[in-house]
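Written out below as structure tokens is the structure these notes cover.
Every number in this text was worked out from the coordinates using simple rules, so none of it is lab data. Note that the coordinates shown come from a computational prediction; the quantities given were computed from them, not determined experimentally. We place every Cβ from the backbone using ideal geometry, glycine too, and count neighbours over all the protein chains shown.
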Amino acid sequence: MTWRLPDPAATARFGHTLATSLPGPSSTPLVLYFEGELGAGKTSLIRGLLAGLGHQGRVPSPTYTLVEPYVLPRHRVLHVDLYRLRDPAELDDLALADDLAVADDQGRGNLLLAEWPSRGGDRLPAPDLLVALAMEGEGRTVSLTPRTGAGSSLVREVQRALPGGF
């Protein structure tokens, strides 16, 4: 499923819609991969998603830190950016799988948002949903490709929320 995002505000709104379409907390982590060339809007969409989940602060790109964690009302979020990763083995030190496996004592679900996931090789958990962004003129397109049942459910919820697009 593909949507046209005519401007940065639409990209942020799409991220917010994605957030409000997420399932409730689960014991199984939800994994979203974000792909697209440099400047395609991956971090901008994730900023909208985090705002939709209740985050009110700054959302820095984790290009240099690799991981930015967020503890939100319904989710524990790990936002990773693997652009500067030289070798997938560098992910081993981050222990992402361990962090995602930890149950939250407040009932929050674990959510992994991964930019440049291909640089993580087989060191990242498999995605539930692939979010692909591409520049198109002054705007962007965003395509959602489910990889699991949870991903398919999420796409259906986004379709319900945006039946006519922007």
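Our note on the geometry: Cα centres of the stretch 31-96 and the stretch 107-147, 10 Å apart. Within the stretch 2-161, DSSP assigns beta bridges of which about 50% are antiparallel (rounded to the nearest 5).
Here the chain is assigned +1 on the Cβ of each Lys and Arg and -1 on the Cβ of each Asp and Glu. Its dipole about the Cα centre then comes out at about 560 debye.
Take every Cα pair under 8 Å in the stretch 2-161 that's 6+ residues apart, average their separations, divide by the length, and report that relative contact order as a whole percent. Spell out each step's value before the answer.
Numbers: 317 pairs, mean separation 53.3, N = 160.
Dividing the mean separation by the residue count of the stretch 2-161 yields 33 percent.
For the stretch 66-162, report the translational diffusion coefficient in µm²/s to the nearest whole number, using Stokes-Einstein at 20 °C, 1.002 mPa s, and a Kirkwood Rh over Cα pairs.
Rounded, D is 143 µm²/s.
Taking 0.36 nm per residue of sequence separation and removing the Cα-Cα distance, the Arg147/Leu38 pair yields an extension gain of 36.9 nm.
The value for the stretch 2-161 of Rg(Cα) / (2.2 N^0.38 Å) is 0.96. Fully extending the segment from Leu94 to Arg58, taken as 0.36 nm per residue of separation minus the present Cα-Cα distance, adds 10.7 nm. Think of the stretch 2-161 as having a plus end and a minus end, set by charges on the Cβ of Lys, Arg, Asp and Glu; of Thr20, Tyr70, Ala95, Thr20 sits farthest toward the positive end of this dipole. A protection proxy built from the mean count of other Cβ atoms within 10 Å ranks the segments 142-149, 49-56, 89-96, most packed first, as 49-56, 142-149, 89-96.
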